[in-house]
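The values are calculated or read from the model by the stated rules, or taken from the named source; none is laboratory data. Please read these numbers as outputs of a predicted model, since none were measured by experiment. So basically every Cβ, Gly included, is an ideal-geometry build from the backbone, and we count neighbours across all protein chains shown. We work out accessible area using only protein heavy atoms, side chains counted, and drop any ligands, DNA or RNA first. Shrake-Rupley method; radii C 1.70, N 1.55, O 1.52, S 1.80 Å.
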Amino acid sequence: MSNTTVDRPPVATDEPATTTHATDPRGRAITRIVLVAGFVVLVALALLLVFTTPAEESARITIGFSLNSFFLWLGGLSPLVQIPVILLVFGIVVGIILVLIEFAPRPGRGYFIMRLVACLVIPVLAFLLLRPYANAVLYVVAIALLVGALLFFADFRARQGAGYLFQLVLFMAPATIMLTLGLIYPAIATIIKSFYDKTGDQFVGLENYFWVFTNPTGTASVVNTIIWALLAPTVSVAIGLAYAVFIDRARGEKFLKVLVFMPVAISFVGAGIIWKFMYDARQGDQIGLLNAIVTGLGGDPIQWLAIKPIINTLMLLVVFIWTQTGFAMVILSAAIKAVPVEQMEAAELDGTNAWQRFRNVTVPGIRSSLIVVLTTITIASLKVYDIVAVMTGGRDDTTVLGFEMVNQQQRFQSYGHSSALAVVLFLFVLPLIIYNARSMAKQREIR
């Protein structure tokens, strides 16, 4: 009996065909050079676009439709009609993205053309929807085409095969665009404005930053913010940790936790109003608890929020600590329960007392939770605005960076000072965010 072989068709797979561009050293070098050169040209075009001032007679170019005209048209509709229109437009955009994600990465000449058209046409349409000035339209089209060409080239040279990078970019594009428009662009614009005067027209260099650290108002905001950042997390975590340890596995533990956690559910505005009544001082009958006690003991009413320096700031800090202690208690209580019972029993058998077990067993076991709670409350204290705005309005040297930033912009229309305060606040918060992120990354590696 003779053996016969049967030719079988290749099995279709969803995985894109691999290429040799990324494995060949020469191919990698060519890809790297082209992408770097394209990026340099892209940056140069973007700078030219930014620094090219529109001519007085220069009108905006439109393709017959723009985002501005769409929102103007949408604003003229009935509110009941606006909702389905927005849902419809959102569905169309999502549908186009899903179709491109599904079909464009497939091999074949038709899908190749689809990717090429999508890479070149979508960026151009996106830029033109913003209605650029006539003397800037060439820069806009050039930037859009260059972005599309670089994407198409990088996708074509990808190790995983043509279509992989295209699909990846489409997946990431919506979130990246929203992040850019909502976070990155405002941050860059704020940094740039911090070097201009209050109107944003004249470049003044570091003058706004000198104002922050030399003007009494700016200096008070910086000093008070540092006091908040040092005391608020320390006291909140100390009280929350002590409370969590003492009520751990106690009778009525859940009820005792609820009592301390309740202020967390109150907004800073609500907490500020509550405590403003507590501190209230007036002639005659007192409605403020503190002054009711003071006058009951024969003293005179005290304007607690007007005592400076420091005392009125500490009065505000009490409100913040009151709202954050419950948060610290809940997180640390859960961390304490996660400490292995065997470690506590072994330490007790070694003859250690309660304080030694807490210091040598409990605290090391909840170290990561302590870091997270400390950094979270510190960041919240650096950004505090509501408590100061409701209780004192920044008077009597109680202002902080978060409040003064808004105050300079809204009350005095000083965009330069406001932007400088925002940058200083960002510099205060940034190390904590980095430290928190690195700590979480280390915890993932350990796990």
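Please verify whether the stretch 323-332 includes one or more residues that are of a type in the set (A, V, I, L, M), open to solvent by 60 Å² or more (accessible area, probe 1.4 Å), closer than 22 Å to A250 by Cβ and touching a residue at least 12 places away in the same chain (Cβ under 8 Å).
yes
For the condition of a type outside the set (K, R), touching a residue at least 60 places away in the same chain (Cβ under 8 Å) and within 30 Å of G95 (Cα to Cα), what is the one hit in A175, A126, A136, A142?
The match here is A142.
Tell me, which helices (runs of 4 or more DSSP H) lie completely within the stretch 242-325 with 2 or more residues that are modelled with pLDDT of 85 or more and closer than 30 Å to F358 by Cα?
253-261
Can you find even one residue in the stretch 221-243 that is buried (at least 19 other Cβ atoms within 10 Å of the Cβ), more than 30 Å from I122 (Cβ to Cβ) and either without any contact (Cβ under 8 Å) to a residue 40 or more places away in the chain or aromatic (F, W, Y) (or both)?
Scanning the stretch 221-243, I find at least one residue that is buried (at least 19 other Cβ atoms within 10 Å of the Cβ), more than 30 Å from I122 (Cβ to Cβ) and either without any contact (Cβ under 8 Å) to a residue 40 or more places away in the chain or aromatic (F, W, Y) (or both), so the answer is yes.
Filter the stretch 379-418 down to the residues that are of a type in the set (A, V, I, L, M, F, W, C), within 20 Å of the chain's Cα centre (by Cα) and either assigned to a helix (DSSP H, G or I) or surrounded by fewer than 19 Cβ atoms within 10 Å (Cβ to Cβ) (or both) and list them by number.
Matches in the stretch 379-418: I379, A380, L382, L401, F403, M405, V406.
Can you tell me which residue is farthest from the chain's Cα centre (by Cα) among those in the stretch 419-447 that are without any contact (Cβ under 8 Å) to a residue 24 or more places away in the chain and open to solvent by less than 90 Å² (accessible area, probe 1.4 Å)?
Here the residue is A441.
Looking at the stretch 65-182, what helices (runs of 4 or more DSSP H) fall wholly within it and have at least 1 residues that are among the basic types (K, R), at pLDDT 85 or above and touching an Asp or Glu at 6+ places or on another chain (Cβ under 8 Å)?
Fully inside the stretch 65-182 and qualifying: 109-128.
Check off (1) farther than 30 Å from V222 by Cβ; (2) part of a helix (DSSP H, G or I) for T352 and give me the number that stays unchecked.
All conditions are met except number (2).
Which pairs do you get when a residue that is more than 11 Å from G416 (Cβ to Cβ), found in the stretch 200-215, comes within reach of a residue that is charged (D, E, K, R), reach meaning Cβ atoms under 8 angstrom, with the pair 6+ apart or on two chains?
none
Please list, ordered by first then second residue, the pairs with beta carbon atoms under 8 Å, 6 or more apart or interchain, first in the stretch 356-385 and in contact (Cβ under 8 Å) with a residue 40 or more places away in the chain and closer than 11 Å to V237 by Cα, second open to solvent by 50 Å² or more (accessible area, probe 1.4 Å) and part of a loop (DSSP other than H, G, I, E, B).
Every condition considered, no pair remains.
Quick one: in the stretch 190-210, which of the residues that are among the hydrophobic types (A, V, I, L, M, F, W, C) and more than 20 Å from the chain's Cα centre (by Cα) is least open to solvent (accessible area, probe 1.4 Å)?
Among those residues, the one meeting the criterion is V204.
State which residue is farthest from P25 (Cα to Cα) when the search covers only the stretch 135-189 and only residues that are open to solvent by 40 Å² or more (accessible area, probe 1.4 Å) and among the β-branched types (V, I, T).
I188
Since A306 meets every condition but one in (1) open to solvent by 40 Å² or more (accessible area, probe 1.4 Å); (2) among the small types (G, A, S); (3) in contact with a Leu (Cβ under 8 Å, 6 or more places away or on another chain), which condition does it not meet?
Tallying (1) open to solvent by 40 Å² or more (accessible area, probe 1.4 Å); (2) among the small types (G, A, S); (3) in contact with a Leu (Cβ under 8 Å, 6 or more places away or on another chain), A306 fails exactly one: (3).
For the stretch 288-295, does any single residue satisfy the condition of being farther than 24 Å from Y243 by Cα, free of Cβ contacts under 8 Å to residues at least 60 places away in the same chain and surrounded by 18 or more Cβ atoms within 10 Å (Cβ to Cβ)?
Within the stretch 288-295 (the criterion being farther than 24 Å from Y243 by Cα, free of Cβ contacts under 8 Å to residues at least 60 places away in the same chain and surrounded by 18 or more Cβ atoms within 10 Å (Cβ to Cβ)), the answer is yes, since at least one residue qualifies.
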